[in-house]
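The values are calculated or read from the model by the stated rules, or taken from the named source; none is laboratory data. In this text the structure is predicted, and so the values were computed from the model without any measurement. Cβ coordinates were reconstructed from backbone atoms using ideal geometry, including for glycine residues, and neighbour counts include every protein chain displayed. Areas reflect the complete protein model, heavy atoms only, side chains present, ligands, DNA and RNA absent. Shrake-Rupley method; radii C 1.70, N 1.55, O 1.52, S 1.80 Å.
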Amino acid sequence: MLLLTDRPLTEKLLVTFTLVVVIPLITVGTISYFHASRVLEQEAREYNWQIIDQVKMYVEDYLRDYEITTLKIVNHPDTLAFLKIDSIEEMNESGMIPLLTNVLRNEAFSQSDIAKITLVLEEIATMDSAGEIDAATELMNEQWYQEVSGVGSPKIISRVIRWQDRDVPVISVVKRIANPFSLQPFGMLVIDLNYQRLNDVARKITPGITGYLFIVDQHGNYVYHPDKEKIGTAYRQEYWERMNGGASGSFVGSGNNADLITFSDSERTGWTYATAIPYSEVTQGMEYIKQMILKTVILSLVFVVIIGGSFSSGVLTPIKRLQQYMKRVEKADFSQRLPVESADEIGQLSAGFNKMMEQLSSLVREVYVAKIREGELRLRQKEMEIKTLQSQMNPHFLYNALETVRGMAFAKEEEDIAAISSSMAKLLRYNLREQQTVVTVEQEIAMCKLYLRIQKYRFDEKLEYQFQIPEWGRRQKITRFSLQPLIENAIVHGVEPIAGSTVIDVSAEKESADAFILWIKDTGAGMSSETRKRLQADIRQKDVSDGGSHIGMVNVHRRNQLVFGQQYGLLLKRADGNGTIVGIRLPYEAGKEAE
């Protein structure tokens, strides 16, 4: 998805829809495909095992009948008499040859699939159902003869014999014959069966469309194969090693045209019955499933493109319209309004855009008006600077005049007048020379004491004052000329209106780790509720440039907020008949306490 970061929303939506639909579809299809593959392959194996079990059961029953036939021949009186012969001369003189030939021929002619029956007298001769007599050594030299060593149940072997002047593959039912007196084996009965019955059975079964049945003996040689040329030849070695490792199983061969081999061993015959089916036939159903999954994915893609395109158009058209309107807004055109066509998120976005345009238009008007006011304020500020420069001449004149008055008072020994003149001169000097915005509380207290000293000459015993500021408080910061207006307010509203004495107390109190309060308390007349409300309103809202009453307190409040922050400034704690308590909240600096 990072590759689509800068691509249009249409492409992002189409890719997202495609991934959401196709990935689950491919995942489910792939899982279904492999599951179906396993199921089809397992069904093919189970079906072939059923075929093999049926063929194996039939062949074993078929051969069991001939095992009974061997017992019938061996126990025939003529056979028993023949077996007592000890030499070829005795056999020729006994007259038993026609009788035994007749016994073997009758049994051979009783079943059409019997090719030949041979009776072997070891070290003497062999006689077959055709009446031919040969030396026994030729048959005894064959490999299988020595493997049939024990006396007991007949053995089943596959071999190729010479019959009617041609080589014919046969299945031989072989039974050892023992001497009834010594119980030592001295002969053998061999019934050779042609493949007529086995071919009939193989033609009736159909493992797949082009599959076939084959049988391999315990040595890995073909006992039966539809191709008669392969009977007696060796089976493929790598396949035989895999089949020889278990009683039954299945595997897929190697190569481009691999077969699904299913096999099962027979304990009775020692043979391995197997079926071979081209693996492509087994997977024909899986190919169909694969094609259906592919077609479904393609149809889903077409469906996603059609439906996703329609959905994208419905969603993106209002967004593109909003984009066009935003470009107009970038050009400072705030008059545009989007049509709200629905109540969904797009409609809410359009309504929000329209509301934003209203607010922007309003803000632009407000900014325009503010700019005009700002220009007016600059003009007023220039005027005030000019007036300030002009007024600076007056304090200098007053300061020089006060010094003259002080000198004359000392000359005439008028100490009170000299003290008042000195205090006023110091106040003027503080006003003219101190250009710092922020001073220490200690400095403010010193100036307030000069001011109160002058007022004390005016009110005498009617005014008392005290400063209870701890050392940590004296080292804190305060804006210049903050305390004097508050003390002057206490004199105007607390001392002047009453006849009795008034005490003005200035103290400090820690409010928190970050702030402290300077309290100015008086025991004077206080304020009426109307005056108190008006003062509180002035502190909150009044513009200093408007002038009028309480301008000094408002000035103090505004200057401390501008310097220290909006959380600082004046507090009006009490203003009733028992006096007034006004505070000024200031920032507390812990390091100043230890200086």
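Want the number for Glu442 to Ala135: 0.36 nm per residue separation, take away the alpha-carbon distance, what's left? Write out the running numbers ahead of the final one.
Working: separation 307, 0.36 × 307 = 110.52 nm, distance 14.84 nm.
Taking 0.36 nm per residue and subtracting the Cα distance, the gain is 95.7 nm.
Would you give the gap between the C-alpha center of the stretch 118-177 and the C-alpha center of the stretch 454-482, rounded to a whole Å?
Comparing the Cα centres of the stretch 118-177 and the stretch 454-482, I get a distance of 145 Å.
Kindly flag which residue pairs out of Lys116/Lys204; Lys116/Lys230; Lys355/Lys533; Lys84/Lys116; Lys477/Lys573; Lys426/Lys573 have an alpha-carbon separation exceeding 28 Å in this structure. If you can, show how the numbers build up before the last one.
Details: Lys116/Lys204 26 Å; Lys116/Lys230 22 Å; Lys355/Lys533 39 Å; Lys84/Lys116 23 Å; Lys477/Lys573 22 Å; Lys426/Lys573 32 Å.
Too far apart for the 28 Å limit: Lys355/Lys533; Lys426/Lys573.
Sort Met140, Met188, Met326 by accessible area with a 1.4 Å probe, largest first. Numbers along the way, then the final one.
Numbers: Met140 30, Met188 0, Met326 75 Å².
Largest accessible area first, the list is Met326, Met140, Met188.
At a 1.4 Å probe radius, carbon and sulfur cover how many percent of the accessible area of the stretch 69-157? Intermediate values should be presented prior to the final figure.
Working: 2230 of 4610 Å².
C and S fraction of accessible area: 48 percent.
Taking a probe of 1.4 angstrom, what is the accessible area of Leu19 in Å², to the nearest 10?
80 Å²
Run the quick spin-label model on Arg453 and Arg321: label points 7 Å from Cα toward the beta carbon, then report their separation in nm to one decimal.
It works out to 8.1 nm between the two label points.
Relative contact order for the stretch 136-230: what is it in percent, counting Cα pairs under 8 Å that are at least 6 residues apart?
Values: 116 pairs, mean separation 16.1, N = 95.
Relative contact order here is 17 percent.
For the modelled label position 7 Å from the Cα of Gln567 along Cα-to-Cβ, which residues of the stretch 475-501 have backbone nitrogen atoms closer than 20 Å?
Only 476-479 pass the distance filter.
Suppose each label sits 7 Å from its Cα in the direction of the beta carbon; what would the Arg268-Ile23 distance come out to in nanometres?
6.0 nm
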